[in-house]
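Peer 1: Structure incoming, see below.
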Amino acid sequence: MQISLTDQATLDAVHTLAGMRYPISQMSDGEKSALLLAAEVLTASPASVLIIDEPERHLHRRISAPLIEAVIAARSDCHFVVLTHDLELAGTLPKHQTTVVSVSEMSWDGDQPVGWDAHVVDPSLGLPEAARRAVLGGRRELLFVEGDVASRDVRLLSLLFPEWSLVPAGGCDQVIRSVTGLSASADHHWVRASGLVDGDGRSAEERQALLARGVLALPVSEVESLYYSPDVIDAVAQSQGERLERVPEELASVAKERALEAIASGDATTRLAAAVSEEIVRRSVHAALPDRSTIAAAGAEIQVTVASPFADQVARLEHLLASGDLKAIVAEYPIRDTALRERVARVLGFQSFSHYEATVRSLVRTDRSLRGALRQSIGEIP
């Protein structure tokens with residue numbers, strides 16, 4: 001491909017092998033932007049300093065990063081200043097031995113800008129992708145959580161912790177790596193990073209070890225369990241009572257009874273005990289694995305033996321059912337694997353649990369006391 005200046009002082013893209021010319025007048029706006037950007041860079045005088053301002057505003061995201069990467073590589077004799085809000089594009093620049101600067105704030109004197117809050121991002125930190133993108137985005141207080149951007153968990157947590165920038169990082173291990181990676185490189189950035197992970201049957205010792213690394217384990221098995229705590233059921237029943245022409249306290253009582261029945265029905269008790277046991281066993285096996293100093297002397301086989309927590313979990317759950325302790329059940333077991341969600345939702349007048357959970361988020365947004373109670377139950381972010 002070549003760029004040709006015509007006799008009419010317009011530009012053509014020329015495919016030399018096919019012998020085809022493509023006039024700029026027939027190009028789309030995006031094609032014109034790409035061609036003019038490439039032409040400006042490729043025809044610049046040697047040793048020029050070129051400023052490329054927000055290329056993502058004029059180029060499709062699919063080609064923005066590779067085009068900028070290509071034109072910079074083609075003119076190694078020039079210097080480039082690239083201004084962008086595109087984190088994908090910013091992430092490609094360190095490959096070219098560039099200095100990456102994140103600008104997060106501007107200060108003004110009247111209507112004149114007088115300064116910027118700018119920080120150099122060290123490209124050699126080797127941070128997890130979620131942490132890297134958050135730093136490039138210039139955020140200051142980052143709360144890494146499990147899940148993805150679209151999850152209901154993240155939507156609820158964003159209402160409970162509006163002062164934090166939530167960064168969904170995937171699984172628990174990714175959350176821990178993101179927080180510890182940023183904490184270990186504190187001299188190279190300006191952000192405060194903490195993490196929030198599911199409870200998953202963790203012991204007090206495990207919780208304390210995570211807290212020492214800047215990660216708080218939820219007091220419930222998983223974020224979704226917060227939707228079905230007795231306090232939340234009471235709040236929803238209060239808002240639904242008038243609409244359903246029911247006494248809110250009676251409505252909440254029936255919903256809690258149906259929740260307990262769902263846990264006691266069928267094989268739900270066995271499945272919940274097994275689910276929590278699986279998480280405990282997985283972490284116990286990982287903790288019992290030999291390290292490199294003992295593997296050489298281990299012989300032909302390496303055996304790892306851990307005690308099964310299943311019988312204790314079954315006994316614990318049966319005890320909680322017998323005492324009607326819905327709060328502890330919701331806190332300690334992954335209730336999403338049962339009919340509890342649908343039964344509670346139906347009693348409270350919703351077509352599905354997703355509609356119920358949407359109402360909970362609406363209440364959390366407007367009800368300061370409910371929001372405060374949920375935050376207090378979670379604990380302080382480290």
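The values are calculated or read from the model by the stated rules, or taken from the named source; none is laboratory data. Keep in mind that what you see is a predicted model, and the values were worked out from it rather than measured. Ideal geometry is used to build each Cβ from the backbone, glycine not excepted, and the neighbour counts take in all protein chains shown. Areas reflect the complete protein model, heavy atoms only, side chains present, ligands, DNA and RNA absent. Shrake-Rupley method; radii C 1.70, N 1.55, O 1.52, S 1.80 Å.
Peer 1: Closer than 24 Å to Arg371 by Cβ and outside any helix (DSSP H, G or I) - does that describe any residue in the range 173-191?
Peer 2: no
Peer 1: Restricting to the range 75-88, name every residue that is open to solvent by 60 Å² or more (accessible area, probe 1.4 Å) and within 25 Å of the chain's Cα centre (by Cα).
Peer 2: If the condition is that a residue be open to solvent by 60 Å² or more (accessible area, probe 1.4 Å) and within 25 Å of the chain's Cα centre (by Cα), then His85, Glu88 are the ones that fit.
Here is a yes/no grid of residues against (1) in a helix (DSSP H, G or I); (2) under 36 Å from the mean Cα position of the chain (by Cα):
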site	(1), (2)
Arg21	no, no
Ser33	yes, yes
Val41	yes, no
Ala44	no, no
Leu67	yes, yes
Ala73	yes, yes
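Peer 1: Still on this model: Could you check the range 2-56 and list, in sequence order, the residues that are exposed (fewer than 11 other Cβ atoms within 10 Å of the Cβ) and of a type in the set (A, V, I, L, M, F, W, C)?
Peer 2: Scanning the range 2-56 gives Ala9, Leu17, Ala18, Met20, Ala47, Val49, Ile51.
Peer 1: Residue by residue through the range 187-208, note down the ones that are of a type outside the set (Asp, Glu), out of contact with any strand residue (DSSP E or B) (no Cβ under 9 Å at 6 or more places or on another chain) and surrounded by fewer than 18 Cβ atoms within 10 Å (Cβ to Cβ).
Peer 2: Ser203, Ala204, Gln208
Peer 1: Do we find that Ser293 is open to solvent by 50 Å² or more (accessible area, probe 1.4 Å), hydroxyl-bearing (Ser, Thr, Tyr) and modelled with pLDDT of 95 or more in this structure?
Peer 2: Here the answer is no, as Ser293 does not meet what is asked.
Peer 1: Here's a follow-up. Return the pair list, or none, for Cβ contacts closer than 8 Å from residues in the range 102-119 that are open to solvent by less than 60 Å² (accessible area, probe 1.4 Å) to residues that are charged (D, E, K, R), at least 6 apart or on different chains.
Peer 2: These pairs meet every condition: Ser104/Asp117; Ser104/Arg139; Ser104/Arg140; Ser107/Asp117; Asp117/Glu105.
Peer 1: Moving to a separate point now. Quick check on my filter: what residues within the range 240-268 are part of a helix (DSSP H, G or I), over 14 Å from Asp325 (Cα atoms) and over 31 Å from the mean Cα position of the chain (by Cα)?
Peer 2: Gln240, Gly241, Glu242, Arg243, Leu244, Pro248, Glu249, Glu250, Leu251, Ala252, Val254
Peer 1: Could we say that Leu50 is modelled with pLDDT of 85 or more, of a type outside the set (Gly, Ala, Ser), part of a strand (DSSP E or B) and touching a strand residue (DSSP E or B) at 6+ places or on another chain (Cβ under 8 Å) here?
Peer 2: Answer is yes for this residue.
Peer 1: Something else about it: Taking the range 298-333 as the search range and keeping residues that are farther than 19 Å from Ser284 by Cα and touching a residue at least 60 places away in the same chain (Cβ under 8 Å), which one is most open to solvent (accessible area, probe 1.4 Å)?
Peer 2: Going through the qualifying residues, I end up with Lys327.
Peer 1: Now a separate question. Taking the residues in the range 262-290 that are at pLDDT below 90 and open to solvent by 80 Å² or more (accessible area, probe 1.4 Å) as candidates, determine which candidate is farthest from Arg207 (Cα to Cα).
Peer 2: Across the range 262-290, the extreme among qualifying residues is Leu289.
Peer 1: Could you please let me know if Ser253 is surrounded by fewer than 16 Cβ atoms within 10 Å (Cβ to Cβ), among the small types (Gly, Ala, Ser) and under 24 Å from Ala358 (Cβ atoms)?
Peer 2: So Ser253 passes the test.
Peer 1: Find all pairs meeting these conditions: Cβ atoms under 8 angstrom apart; at least six residues apart or on different chains; first residue within the range 195-206 and farther than 22 Å from Asp153 by Cα; second residue basic (Lys, Arg) and open to solvent by 40 Å² or more (accessible area, probe 1.4 Å).
Peer 2: From the range 195-206, the pairs are Glu206/Arg283.
Peer 1: Additional query: Can you confirm whether Val14 is hydrophobic (A, V, I, L, M, F, W, C) and either touching a helix residue (DSSP H, G or I) at 6+ places or on another chain (Cβ under 6 Å) or touching a residue at least 24 places away in the same chain (Cβ under 8 Å) (or both)?
Peer 2: No, not satisfied.
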